[in-house]
Amino acid sequence: MSPLLTQAHAVAEKAHAPYSKFHVGCALETETGSMYTGCNVENASYGLTICAERSAIFQAVAAEGTDMKITRLSVVCLGHEFPPCGACRQVIAEFSLPGGQTEVTYLKEGQPVTRTIAELLPEAFGL
């Protein structure tokens with residue numbers, strides 16, 4: 001497993017997911033070479049829940065500022081396999097490399113799958 005997938009798996013174990021039981025972790029690397037992690041944190045009021053990907057991205061922005069760009073991002077859900085949700089894809093696109101070339105890795109049938117954010121979210125919303 002790649003270092004980012006390993007970190008995503010480790011932080012998924014810390015997720016607060018008493019409602020969905022979906023323990024998700026994310027690890028990302030920025031252009032500076034720094035790595036950030038995040039896990040999902042659920043709330044009884046589902047609208048207040050935050051996904052792992054956004055948790056990690058917001059930490060990266062807090063540390064590096066709004067010019068931060070994600071080079072690679074990996075996401076793991078313990079016991080399940082899926083790519084980032086639509087909301088997270090849009091936030092990843094906001095901080096993606098030019099042309100949506102940020103690499104997003106997730107598991108499918110037990111194997112890592114890597115796609116660019118442009119492939120996962122064609123025609124992303126932008127100003």
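The values are calculated or read from the model by the stated rules, or taken from the named source; none is laboratory data. Remember, predicted model here, so these are calculated numbers, not experimental data. Heads up, the Cβs are rebuilt from the backbone with ideal geometry, glycines too, and the neighbour counts pull from every protein chain shown.
Some notes on this structure:
- Evaluating Val113 against the criteria (1) surrounded by fewer than 15 Cβ atoms within 10 Å (Cβ to Cβ); (2) β-branched (Val, Ile, Thr); (3) touching a Gly at 6+ places or on another chain (Cβ under 7 Å) leaves one unmet condition, (3).
- Selection count where residues are assigned to a helix (DSSP H, G or I) and either at positive phi or of a type outside the set (A, V, I, L, M, F, W, C) (or both), scope the range 4-14: 3
- Look at the range 107-127: where a residue is in contact (Cβ under 8 Å) with a residue 60 or more places away in the chain and a partner is of a type in the set (Val, Ile, Thr), sitting 6+ places away or on another chain with Cβ atoms under 8 Å, you get Leu107/Val76; Leu107/Val113; Pro112/Thr105.
- Selection count, the range 15-46, where residues are among the hydroxyl-bearing types (Ser, Thr, Tyr) and either surrounded by 20 or more Cβ atoms within 10 Å (Cβ to Cβ) or on the phi > 0 side of the Ramachandran plot (or both): 3
- If you go through the range 84-100 and pick out every residue that is under 20 Å from Val41 (Cβ atoms), touching a Lys or Arg at 6+ places or on another chain (Cβ under 9 Å) and surrounded by fewer than 16 Cβ atoms within 10 Å (Cβ to Cβ), you end up with 1.
- The listed residues are Ala27, Ala15, Ala60, and the only one of them that is farther than 20 Å from Leu120 by Cα and touching a Leu at 6+ places or on another chain (Cβ under 7 Å) turns out to be Ala60.
- Residue satisfying condition, being buried (at least 19 other Cβ atoms within 10 Å of the Cβ) and either at positive phi or out of contact with any Phe, Trp or Tyr (no Cβ under 6 Å at 6 or more places or on another chain) (or both), within set Val61, Val76: Val76
- Within the range 55-74, residues that are within 14 Å of Ala27 (Cβ to Cβ) sit with their Cβ atoms under 6 Å from residues that are exposed (fewer than 15 other Cβ atoms within 10 Å of the Cβ) and modelled with pLDDT of 95 or more, at 6+ positions apart or across chains, in these pairs: Thr71/Glu31.
- Any hit, the range 77-86, residues being under 26 Å from Ala118 (Cβ atoms), modelled with pLDDT of 95 or more, in contact with an Asp or Glu (Cβ under 9 Å, 6 or more places away or on another chain) and among the aliphatic types (A, V, I, L, M): no
- Cβ pairs under 8 Å, 6+ apart, first in the range 88-106 and in contact (Cβ under 8 Å) with a residue 24 or more places away in the chain, second part of a strand (DSSP E or B) and among the small types (Gly, Ala, Ser): Thr102/Ser96; Val104/Ser74; Thr105/Ser74; Tyr106/Ser74
- Residue within the range 101-109 that is out of contact with any strand residue (DSSP E or B) (no Cβ under 7 Å at 6 or more places or on another chain), buried (at least 16 other Cβ atoms within 10 Å of the Cβ) and at pLDDT 95 or above present: no
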